Amino acid sequence: MPVNATLPYDDQNIFARILRGELPCSKVYEDDWALAFHDINPQAPVHILVIPKAPFVSWDDFSARGSDAQIAGFIRAVGTVAREQGLVEPGYRLLANTGPDSLQEVPHFHVHICAGKVLGRMIVSPD
């Protein structure tokens, strides 16, 4: 059972379907632990999503239920994507939304890698 019970894992979510090969993606990286691809609605000049190849809903779910190998493999994949895409210099931002307050849209844990311009200091609250 996922830790974040407000968002149960839905095996028909878009990322699960991409992992099963039912939907295409613009892949930039894949290994045993993760798949990385360009976001279809980019919020920065470079906007890549990295998803684990297992059914986790969110960061808290992944960190609680993921094996040491899954967690290490996923984190290494994120770093590899950043390096291979040439993002280490001048820099990039990692973002992982969890739950309704963050406006998480897909109930499959994923990290956004955003880069390609100055992104500002922090996220501005809509309030």
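Tallying residues that are of a type in the set (A, V, I, L, M, F, W, C) and free of Cβ contacts under 8 Å to residues at least 24 places away in the same chain within the stretch 19-29 yields 2.
Taking the stated definitions as given, is Val118 out of contact with any helix residue (DSSP H, G or I) (no Cβ under 6 Å at 6 or more places or on another chain), closer than 30 Å to Asp11 by Cα and among the β-branched types (Val, Ile, Thr)? Please lay out each step first, then the result.
On the way: out of contact with any helix residue (DSSP H, G or I) (no Cβ under 6 Å at 6 or more places or on another chain): yes; closer than 30 Å to Asp11 by Cα: no; among the β-branched types (Val, Ile, Thr): yes.
Judged against the criteria, Val118 is not a match.
None of Ile75, Ile48, Ile40 is over 17 Å from Tyr9 (Cβ atoms), crowded, with 18+ Cβ neighbours inside 10 Å and among the aliphatic types (A, V, I, L, M) except Ile48. In the stretch 30-45, the residues that are closer than 24 Å to Leu119 by Cα and free of Cβ contacts under 8 Å to residues at least 40 places away in the same chain reach residues that are surrounded by fewer than 17 Cβ atoms within 10 Å (Cβ to Cβ) and among the acidic types (Asp, Glu) with C-beta atoms within less than 9 angstrom, at least six apart or across chains, in these pairs: Phe37/Glu30. Yes or no: Ala115 surrounded by 15 or more Cβ atoms within 10 Å (Cβ to Cβ), at pLDDT 95 or above and not charged (D, E, K, R)? Answer is yes for this residue.
Considering only residues of the stretch 51-72 that are of a type in the set (Val, Ile, Thr) and touching a helix residue (DSSP H, G or I) at 6+ places or on another chain (Cβ under 9 Å), which is nearest to Asp10 (Cα to Cα)? Please lay out each step first, then the result.
From the stretch 51-72, those of a type in the set (Val, Ile, Thr) are 51, 57, 71; that's our starting set.
With touching a helix residue (DSSP H, G or I) at 6+ places or on another chain (Cβ under 9 Å) added as a condition, the list becomes 51, 71.
Details: Ile51: 15, Ile71: 21 Å.
Only one residue tops the list, namely Ile51.
Going by the conditions given, is Ala96 within 18 Å of Asn13 (Cβ to Cβ) and without any contact (Cβ under 8 Å) to a residue 60 or more places away in the chain? Steps first, please.
On the way: within 18 Å of Asn13 (Cβ to Cβ): yes; without any contact (Cβ under 8 Å) to a residue 60 or more places away in the chain: yes.
Yes.
When Leu94 is tested against (1) assigned to a strand (DSSP E or B); (2) within 17 Å of Ile18 (Cβ to Cβ), only condition (2) is not met. Scanning the stretch 97-119 for residues that are part of a loop (DSSP other than H, G, I, E, B) and among the small types (Gly, Ala, Ser) turns up Gly99, Gly116. Within the stretch 107-122, the set of residues being among the small types (Gly, Ala, Ser) and in contact with a Gly (Cβ under 9 Å, 6 or more places away or on another chain) comprises just one member, Ala115.
The values are calculated or read from the model by the stated rules, or taken from the named source; none is laboratory data. Just so you know, these numbers come straight off a predicted model, no measurement behind them. Note that each Cβ is placed from the backbone with ideal geometry, even for glycine, and that neighbours are counted across all protein chains shown.
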